[in-house]
Amino acid sequence: MACELLRGMTQITPILTARDWTDNMPWIDRPSADIDGYVDALPKRPNYDLRQKLHDWRSRGVVIFEREVSHRLIDDMLSDINYLQTHFKDYDIGVEIKGEQMTANALDEFPESMTRVKLNHLHCYSRAAAEISLSHNVQDFLSHIFQSPAAVLQSLTFWRGSEQPTHIDYPYVNQQKKLPYMAASWTALESIKRGSGPLLYFPGGHKVETSGFYDWGDGAITMGEASTGTPLQFADYLDKKMAEKGIEPEVFYPKKGDVLIWHANLPHQGTAVKKHKLTRKSYVTHFTSTEHVPDWLKNESYADGPVGTFLNGAAAYVEPSMYNSKKLPSWDKDYLTPKAGDLFSRLKDTLNR
């Protein structure tokens, strides 16, 4: 499966059909979308070319923000992961190893090479990871797509190339209240080298007239316990659709700190790892709008209010089952109010990127 099911899920997902998608698309995916009129009417515009990025989103299903995340923040997240590798018995962090789901504290030893290893929901344990998810330009852009601030549904951390076959996300990530209100970001935790199994995507393949809707069984467009389709059949379906439509793939070779955001219906894959000594450290976040976050994740009835990281108008909620879990070292860092001495470090970091 491409993505871990949200750990807090307590009910069976209802069957979702093509109509659940087409009836609920965000404004920008609708035929009537007037991007130029929308941008012209804004009282204030961001410091990036919003108009162009909205057009790219509509036509390609992908936008890229270069040098979006500071190296210092990434290094703190990587330090958290290094700490986890030697203190894994203290943490209930979700770990997927060769497709098997478990928690870190259930391991006899932590995989040294991190091959075919994925860490789930690291934003619930690492403040650095949560703040990477909520980076400024990414959140500003998503707020225009969703017409509402964004909220994290889940995060996935990879050390090496995933080699995942072609897939799209919403058949697996579908706890948002309106199915199409979902997007994902892919943050490079290091500069990605050829042969490491880089990310590949099909620009323009996100349009439903191009991708169509894969039938997982009985008209369902999402995967569930009763599905008759399989992820490999889904991959074959998408590869054939992209070939039929003449969609040429692009491979992403980002620098450390670059972020790619993709549409919920964009076909993408992890390419084959050809140089097995290379890492491909990356961090994926799936978002919905704060309007469409499942109620159990917000958990607004909790006595002290929702728990999580709240930054740039967006939210990275800690799942209720993880409220009392031990956190990684960066959790206690206050990135929002840096000490005076940190300002020089941030300037130096910017100049070095």
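Tabulated values for the structure
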| read-out | value |
| --- | --- |
| Three principal axis lengths of region 129-260 [C-alpha, angstrom, descending] | 41, 37, 27 |
| Viscosity 1.306 mPa s, 10 °C: Kirkwood-radius Stokes-Einstein D of region 200-327 over Cα pairs, µm²/s | 87 |
| Span per principal axis, largest first, for the Cα atoms of region 27-103 (Å) | 55, 30, 19 |
| Value at 222 nm in deg cm²/dmol, rounded to 500, when DSSP H runs of n ≥ 4 in the chain each add -39,500 (n - 2.57) | -7000 deg cm²/dmol |
| Partners for LYS256 among lysines (Cα-Cα distance below 24 Å; same-chain residues under 8 apart left out) | LYS53, LYS118, LYS193, LYS274, LYS275, LYS277, LYS281, LYS333, LYS348 |
| Enclosed volume per residue, in Å³, of the convex hull spanned by Cα atoms of the chain | 148 |
| Compactness of region 207-260 as Cα Rg over 2.2 N^0.38 Å, two decimals | 1.46 |
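FYI, it's all coordinate maths here, none of it is from the lab. These figures come from a predicted structure and were not determined experimentally.
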